Amino acid sequence: MNTMLFLMLTSLLTTILMLISFWLPQLTPDTEKLSPYECGFDPLGSARLPFSLRFFLVAILFLLFDLEIALLLPTPWAINNPNPETTTLWISTIITLLTIGLIYEWSQGGLEWAE
């Protein structure tokens, strides 16, 4: 009985939220919201304009460190393995390599916006 009541309440709440989401948004979108997002570039201009490689470097670094977080996410569970020293070694290796790479990029001036 509780399961049936739970399913009915969940279905009712889902239906109400779907109906509200159709009624709430503005029905008069402007041209800015209808234009494609192109990372600050003019989408209607020439595609042959030069662009800053630093923007893409920062984006790649962001993805790299985002991947680091994904690799380190299962760490608390992996520490509970029978051999936690191996896990600690791998985690230390990943963090050390990424720290060395960040220090190298920083020392080369790759993270400076102003030239």
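Worth a mention:
- The residue list Leu44, Leu111 contains one member that is at pLDDT 75 or above, assigned to a loop (DSSP other than H, G, I, E, B) and out of contact with any Cys (no Cβ under 7 Å at 6 or more places or on another chain), which is Leu111.
- For Ser92: the one exception among (1) small (Gly, Ala, Ser); (2) outside any helix (DSSP H, G or I); (3) at pLDDT 80 or above: (2)
- In the set (1) at pLDDT 80 or above; (2) open to solvent by 100 Å² or more (accessible area, probe 1.4 Å), Leu49 fails one condition alone, (1).
- Residue that is nearest to Leu57 (Cα to Cα), among those in region 102-115 that are aliphatic (A, V, I, L, M) and surrounded by 13 or more Cβ atoms within 10 Å (Cβ to Cβ): Leu111
- Test: residue in region 56-68 that is modelled with pLDDT of 80 or more, open to solvent by 60 Å² or more (accessible area, probe 1.4 Å), assigned to a helix (DSSP H, G or I) and farther than 20 Å from Trp113 by Cα: yes
- Residue match in region 84-101 (condition: open to solvent by 80 Å² or more (accessible area, probe 1.4 Å), among the charged types (D, E, K, R) and free of Cβ contacts under 8 Å to residues at least 60 places away in the same chain): yes
- Filter result for the condition that a residue is modelled with pLDDT of 80 or more, assigned to a helix (DSSP H, G or I) and either surrounded by 10 or more Cβ atoms within 10 Å (Cβ to Cβ) or in contact with a Leu (Cβ under 7 Å, 6 or more places away or on another chain) (or both), over Leu5, Leu9: Leu9
- For region 52-98, a residue qualifies if it is hydroxyl-bearing (Ser, Thr, Tyr) and over 20 Å from the mean Cα position of the chain (by Cα), and the qualifying residues are Ser52, Thr86, Thr87, Thr88, Ser92, Thr93, Thr96.
The values are calculated or read from the model by the stated rules, or taken from the named source; none is laboratory data. A quick note: this is a predicted structure, and the numbers were derived from the prediction, not measured. As a convention, Cβ positions derive from the backbone with ideal geometry for all residues, glycine included, and neighbour counts pool all protein chains shown. Protein only, heavy atoms only, side chains kept; ligands, DNA and RNA dropped before computing areas. Shrake-Rupley method; radii C 1.70, N 1.55, O 1.52, S 1.80 Å.
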